[in-house]
């Protein structure tokens, strides 16, 4: 059984979720997107906070177009919408559109002799789960009429801490620093 169609548009088609919030990708979505992007969405949607964010965008009021492309100095990006979209946040009759950009190819192959640190991303799917979480969190703030910057806000950081913990990666920060996998490896034997 499927829930209502979500606001997430991936490969030109709306993403559908089953009653357990597992994404049900179409053949087009599977053929035109990376496995890491799809697995990352599944991991994000499996968390309580992820479900809450995705469900908050259900219905015709919102459209979130998801694209895969390189992101300079990061793993994802949710560009701030125009002022008209921010101002209309509480006008539920007006449709609001957002863009979400993911870079599923940013996670390099782990160098020989390196191992992932505990509570840090260990795979491309982990990195994409973090990207989905971080950029959807930005869009969630935009949908409340809150413009950038978000990173210094205590409520943003509290929400980020919650979702990172639910993803099993509580050590990952969401700030203006380097991508999380750069701090995620160590040399030597796995503990």
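When we screen 113, 59 for residues that are on the phi > 0 side of the Ramachandran plot, out of contact with any strand residue (DSSP E or B) (no Cβ under 6 Å at 6 or more places or on another chain) and at pLDDT below 95, the only hit is 59.
Among the residues of region 43-71, those that are in a loop (DSSP other than H, G, I, E, B), without any contact (Cβ under 8 Å) to a residue 60 or more places away in the chain and closer than 21 Å to residue 126 by Cβ comprise 46, 69, 70, 71. A single member of 138, 151 is within 25 Å of residue 85 (Cα to Cα) and more than 11 Å from the chain's Cα centre (by Cα), and it is 151. Every residue in region 84-98 that is free of Cβ contacts under 8 Å to residues at least 24 places away in the same chain and assigned to a helix (DSSP H, G or I), please. Selection gives 84 alone.
The values are calculated or read from the model by the stated rules, or taken from the named source; none is laboratory data. As the structure is a computational prediction, the values presented were derived from the model and not from experiment. Using ideal geometry, Cβ is built from the backbone for each residue, glycine included, and neighbour counts are taken over all protein chains shown.
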